[in-house]
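Asker: First the structure, which I've put down as structure tokens, then a few questions once you've had a look.
Just so it is clear, none of the values below were taken in a lab; they were calculated from the coordinates. Note that the coordinates shown come from a computational prediction; the quantities given were computed from them, not determined experimentally. In this analysis, Cβ positions are derived from the backbone assuming ideal geometry, glycine residues included, and neighbour counts consider all displayed protein chains.
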Amino acid sequence: MVDKSGFILRREDAVLVMVDLQERLLAAMERKDDVVAAAARLAEGCSRLDVPTIVTEQYPKGLGPTVPILKDLVPNAIEKISFDCCGEKDFLRELKKTSRHQVVLCGSETHICVLQTCLSLLQGGFDVHVMADAVCSRRDEDRGLALKTMRQAGAVVSSVETALFQLLGRAGTSEFKEISAIVK
């Protein structure tokens, strides 16, 4: 029997990882506006639910900084040159500091940095939830293949709204009103 405990996000065990949502990199993506909007909703919701966030930037000297709307929500980013975030000591140190075992993953490009990070996290024993509406590649075919690969490897492929309501857990609270307003 397959252990399904990692399929439901728990706010006390979750961390948001936003991979390389940078200005110049996103310029080549067709879905960039939708992905940035979804990532912003996710970052804002996680902030309201006290879910920590880690942001990475792939070679920012060449690809520019994180897009402004996200930089405003999460000002600090970890610079990296490894495609796989887990290939960077600073990332691993920040992830370890959270003491959390569920990773909510979004970013670009789906078939390169997001995929490699997801596979390493799974290998490291993390439950990984990939936000299909908050990842992009230059070609949708590459994005689709990467999502399929991540699902086959054991990741949960989900959406921002689903993740936020799983993290929330219940209605009838002030947080419910805040999260409801964010996803509208």
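Asker: If each DSSP helix of 4+ residues adds -39,500 (n - 2.57) and the sum is divided by the residues in the chain, what number results at 222 nm, nearest 500 deg cm²/dmol? Spell out each step's value before the answer.
Answerer: On the way: 9 runs with 83 residues, N = 184.
Estimated from H runs of four or more residues: -13000 deg cm²/dmol.
Asker: Could you point to the residue in HIS129, THR149, ILE81 farthest towards the positive end of the chain's charge dipole, with +1 and -1 charges on the Cβ of Lys/Arg and Asp/Glu respectively?
Answerer: After comparing all options, I get HIS129.
Asker: Taking each full run of DSSP H in the chain as one helix, which ones are at least 18 Å long along their axis (Cα atoms) and have mean Kyte-Doolittle hydropathy of at least -1.0?
Answerer: 32-48
Asker: In what order do ILE8, ILE179, ILE78 fall by count of nearby beta-carbon atoms within 10 Å, going from fewest to most?
Answerer: Least crowded to most crowded, the residues run ILE8, ILE78, ILE179.
Asker: How long are the semi-axes of the equivalent ellipsoid of the chain, defined as square roots of 5 times the Cα gyration tensor eigenvalues? Whole Å, largest first.
Answerer: Taking √(5λ) for each Cα gyration eigenvalue gives 22, 19, 16 Å.
Asker: Moving to a separate point now. Which of these, GLY45, GLY125, GLY64, has the largest mean-square fluctuation under a Gaussian network model of the chain (Cα springs below 10 Å)?
Answerer: The residue that fluctuates most here is GLY125.
Asker: Sticking with this structure for a sec: Going Cα to Cα from LYS61, which lysines come in below 25 Å? Please leave out same-chain ones fewer than 8 positions away.
Answerer: Straight-line reach from LYS61, under 25 Å: LYS32, LYS71, LYS80, LYS89.
Asker: Restricting to the range 1-105, what percent of DSSP beta bridges are antiparallel, rounded to 5? Each step should come with its number before you reach the end.
Answerer: Details: 1 of 12 bridges.
Roughly 10 percent of the beta bridges in the range 1-105 run antiparallel, per DSSP.
Asker: Nearest 20 debye, what's the magnitude of the dipole of the chain about its Cα centre given +1 on Lys and Arg Cβ and -1 on Asp and Glu Cβ?
Answerer: Result for the chain is approximately 220 debye, rounded to the nearest 20.
Asker: Of the beta bridges DSSP finds with both residues in the chain, what % are antiparallel, to the nearest 5?
Answerer: 5
Asker: Once fully extended, how much extra length lies between ALA28 and ASP72, figured as 0.36 nm per residue of separation less the alpha-carbon to alpha-carbon distance? List each step's numbers first, then the result.
Answerer: Working: separation 44, 0.36 × 44 = 15.84 nm, distance 2.22 nm.
Additional length available on full extension: 13.6 nm.
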